[in-house]
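The values are calculated or read from the model by the stated rules, or taken from the named source; none is laboratory data. None of these values were measured; they are calculated from a predicted model. Using ideal geometry, Cβ is built from the backbone for each residue, glycine included, and neighbour counts are taken over all protein chains shown.
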């Protein structure tokens, strides 16, 4: 705190302390958040003072322009701050300036005009090919009931072998996978349909599960059943993956969705065509109106058979 006394006058410091106190008392922000906001505003005031050549006054904050805020964010980025840190810092500055604006001390329009730094998408990290194969195999399962272990292996095999979302795998019915099937027609997000290859290993895992499953399945019944016979819920498979992480020494990033990401990563690294992989995944970047039943299945199957780690 002594450092900032050199760079801001008493009025600015008093208002800043009042703002931080209100955040803690009225909004009940955590101590960690308050510490971060104190640090962010201190760094901003130091930045302004360095450019103004003296302590920051309310007059300086009244004359604040969007370019000043952008210059501060750029300096933080140059020093290694990431988008999340910059976004939090901008949020704190806006909050402080709004506090001053409510007292008719400044106009916070400049801060509102500055866009928050774009946050990068946080994708699940792929497993290595040996890890993914083990998770999706019979040998990797930990459930004591043989039919449940077989069910889990079949579900996980579809996530890794065909790149399905967990919701897509659990939406399958008994009629979606005919005997000897080599492709699946999947209805994904937004009702878009795509075709995906079905590995022999995945088909065998499904058939092994069906032979052991104690619940009779009629036409169009859910393919995957819970312990009591109802539709299998995603939380069950997610919980199973958490158990497997601990037992098999897998990273915390090993989730059901990470298997889908592993499917794409391993195909791409093995030479799979990027456009074909996008089609296999049903990514939203493709046309929202396209239906993939017209895609050349032979071409996709050839890419898949050559590239997927379990296709041999």
Restricting attention to region 55-72, does a residue exist that is in contact with a helix residue (DSSP H, G or I) (Cβ under 8 Å, 6 or more places away or on another chain) and at pLDDT below 85? no
Select, from 50, 31, 14, 36, the only residue that is loosely packed, with under 15 Cβ neighbours inside 10 Å and either closer than 19 Å to residue 109 by Cβ or under 35 Å from the mean Cα position of the chain (by Cα) (or both). 31
State all residues of region 46-91 that are within 18 Å of residue 112 (Cβ to Cβ) and assigned to a loop (DSSP other than H, G, I, E, B); if no residue qualifies, say none. 63, 64, 65
In this structure, is residue 109 crowded, with 16+ Cβ neighbours inside 10 Å and either at pLDDT 80 or above or farther than 30 Å from residue 256 by Cβ (or both)? no
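Just to check your reading of the model, which residue among 190, 163 is at positive phi and buried (at least 23 other Cβ atoms within 10 Å of the Cβ)?
163
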Check whether at least one residue in region 80-92 is at pLDDT 90 or above and touching a helix residue (DSSP H, G or I) at 6+ places or on another chain (Cβ under 7 Å), and report yes or no. no
Which numbered condition trips up residue 9, out of (1) surrounded by 15 or more Cβ atoms within 10 Å (Cβ to Cβ); (2) over 30 Å from the mean Cα position of the chain (by Cα); (3) within 17 Å of residue 95 (Cβ to Cβ)? (3)
May I ask you to verify whether residue 94 is surrounded by 12 or more Cβ atoms within 10 Å (Cβ to Cβ), part of a helix (DSSP H, G or I) and in contact with a strand residue (DSSP E or B) (Cβ under 9 Å, 6 or more places away or on another chain)? no
Only one of these conditions is not met by residue 222: (1) in contact with a strand residue (DSSP E or B) (Cβ under 7 Å, 6 or more places away or on another chain); (2) under 21 Å from residue 136 (Cβ atoms); (3) touching a residue at least 60 places away in the same chain (Cβ under 8 Å). Which number is it? (3)
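Every residue, every condition in (1) closer than 24 Å to residue 11 by Cα; (2) outside the structural domain of residue 15 (by TED's automatic domain parsing); (3) more than 34 Å from the chain's Cα centre (by Cα), yes or no:
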residue	(1), (2), (3)
64	yes, no, yes
68	yes, no, no
71	no, no, no
80	no, no, no
89	yes, no, no
Looking only at residues that are within 19 Å of residue 168 (Cα to Cα) and modelled with pLDDT of 90 or more in region 210-228, which one is surrounded by the fewest Cβ atoms within 10 Å (Cβ to Cβ)? 226
Taking the stated definitions as given, is residue 265 closer than 18 Å to residue 279 by Cβ and not in a loop (DSSP other than H, G, I, E, B)? yes
